[in-house]
Amino acid sequence: MAFTAQNSTVPQGITVLEGLNRINTTLDQVTADCTEELLTVQPGSGRQPHILEKALRRVEPLIDRGVRMRTLYQHTARHHPATLSYMEQVGPSGVEVRTLEEIIDRLIIVDRKVAFIPASSDRLSALELRHKGIVEYLVGVFEQFWLHGIPWEEQISYGPQLDGITGVQRSIAKLLVEGHVDEAIARRLGMNVRTCRAHIAKLGSALGSGSRTQLGYLIAQSGVLEHEA
């Protein structure tokens, strides 16, 4: 449950940040004091160019100080021009990046002492977390995702893997069977809804489906999900 500014029972070590200006100002201040490690999770297909420009200005001093930085993106960010440009600038400096098909919402952890997470779906409020137990838990979550991530410099195969069905389409099939709508699937896989629906159409064609209802049945009967990596 997200805390609000009106909530007088916010636990100690948790600060509610309301508004983008306050969020960014606080994030800039805390990041500027980073001395050892910066961990970030950036969901979606890639951040906007002006956001990446701010991120670059924020991390350049850390690079100069030798701070270790690790970032998790989704696979779709590998095709995002602004993110590719950003990686060309920070990658040679030793910033480590891995990608996954699905990751959690945005997360920033500074020196394993302070963490930032969204407090609302519109990203206009955030939580600044300094509670030791919560921060340690989030570090553990990050490390689990990092363990399964694919390094940025490694290639990802998007070609057909089973009866003309790609790995991305199998991921979509799994979410369809679980009952997720197109918008939710697109959000979880870091792609726009149009791309998601194009994959669904190709999946339906590969399985010979004439409707969405039939597609769910055919996915279950095809054995496609039994071959997940």
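Some points to look at:
- Region 80-139: number of residues that are closer than 18 Å to P151 by Cβ, of a type in the set (D, E) and at pLDDT 85 or above: 1
- Extreme residue, farthest from the chain's Cα centre (by Cα), among residues of region 63-75 that are of a type in the set (A, V, I, L, M, F, W, C) and at pLDDT 90 or above: V67
- Among (1) under 30 Å from V30 (Cα atoms); (2) outside any loop (DSSP other than H, G, I, E, B), the one test that I172 misses: (1)
- Among the residues of region 23-80, those that are polar (S, T, N, Q) and within 27 Å of E183 (Cβ to Cβ) comprise T40, Q42, S45, Q48, T71, Q74, T76.
- Every test in (1) part of a helix (DSSP H, G or I); (2) of a type in the set (K, R); (3) within 20 Å of I150 (Cβ to Cβ) is passed by R58 save one, and that test is (3).
- Scope region 188-200; condition surrounded by 12 or more Cβ atoms within 10 Å (Cβ to Cβ) and without any contact (Cβ under 8 Å) to a residue 12 or more places away in the chain; matching residues: V193, T195, A198
- Filter result for G204 (modelled with pLDDT of 80 or more, part of a loop (DSSP other than H, G, I, E, B) and farther than 29 Å from T83 by Cβ): no
- Where a residue in region 204-224 is within 19 Å of V168 (Cβ to Cβ) and its partner, wherever it lies, is at pLDDT 80 or above and assigned to a loop (DSSP other than H, G, I, E, B), with Cβ under 8 Å and at least six apart: L215/S209; L218/G208; L218/S209
- Taken together, the residues in region 125-149 that are in contact (Cβ under 8 Å) with a residue 40 or more places away in the chain and either surrounded by 15 or more Cβ atoms within 10 Å (Cβ to Cβ) or over 27 Å from M87 (Cβ atoms) (or both) amount to 14.
- Hits in region 34-62 (condition: in contact (Cβ under 8 Å) with a residue 60 or more places away in the chain and closer than 27 Å to M191 by Cα): L38, L39, T40, V41, Q42, P43, G44, S45
Results for (1) within 19 Å of the chain's Cα centre (by Cα); (2) among the β-branched types (V, I, T); (3) part of a helix (DSSP H, G or I); (4) surrounded by 18 or more Cβ atoms within 10 Å (Cβ to Cβ), shown as yes or no for each residue.
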| position | (1), (2), (3), (4) |
| --- | --- |
| L84 | yes, no, yes, no |
| E88 | no, no, yes, no |
| G91 | yes, no, yes, no |
| V97 | yes, yes, no, yes |
| D105 | yes, no, no, no |
| I108 | yes, yes, no, yes |
| I117 | yes, yes, no, yes |
| R123 | yes, no, no, no |
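- Hits in region 1-26 - residues which are within 25 Å of R188 (Cβ to Cβ) and at pLDDT 90 or above: L20, I23
- Test: residue in region 38-48 that is assigned to a helix (DSSP H, G or I), under 20 Å from R112 (Cα atoms) and polar (S, T, N, Q): no
The values are calculated or read from the model by the stated rules, or taken from the named source; none is laboratory data. Fair warning: this is a prediction, and the values are worked out from it, not measured in the lab. Positions of Cβ are generated from backbone atoms using ideal geometry, with glycine treated the same way; all protein chains shown enter the neighbour counts.
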